[in-house]
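The values are calculated or read from the model by the stated rules, or taken from the named source; none is laboratory data. Please read these numbers as outputs of a predicted model, since none were measured by experiment. Cβ placement follows ideal geometry from the backbone for every residue including glycine, while neighbour counts extend to all protein chains displayed.
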């Protein structure tokens, strides 16, 4: 496998300071993908898997002109340093 890593599916994530591991649904992004469409796709998969709609979404770098906390189809999008590049993750963090 080269430098291109595909992130598609449910992934357990544990970060420093989190009491428990969190499960997110990830979707890889290509240069031609719209973050909003991949976010919606991931949110639908999260709902299918966990019978609950995600509240939050994360990317390593927000698209140009987009501010932290923008709402996309009922999910709030944030830039986060723990995220790998070129993907979006949806889920819920209850710290």
Seminar exercise, completed: Residue count, region 53-78, condition in contact with a strand residue (DSSP E or B) (Cβ under 6 Å, 6 or more places away or on another chain), free of Cβ contacts under 8 Å to residues at least 40 places away in the same chain and either closer than 13 Å to residue 42 by Cβ or surrounded by 14 or more Cβ atoms within 10 Å (Cβ to Cβ) (or both), comes to 10
For this session: Give the number of residues within region 79-95 that are modelled with pLDDT of 95 or more and surrounded by fewer than 17 Cβ atoms within 10 Å (Cβ to Cβ).
Result: 1
Problem set entry | Residues that are touching a strand residue (DSSP E or B) at 6+ places or on another chain (Cβ under 7 Å) and either part of a loop (DSSP other than H, G, I, E, B) or modelled with pLDDT of 95 or more (or both), drawn from region 1-24 | 6, 7, 21
Exercise. Hey, among 43, 57, which residue is on the phi < 0 side of the Ramachandran plot, modelled with pLDDT of 95 or more, outside any helix (DSSP H, G or I) and under 10 Å from the mean Cα position of the chain (by Cα)?
Worked result: 57
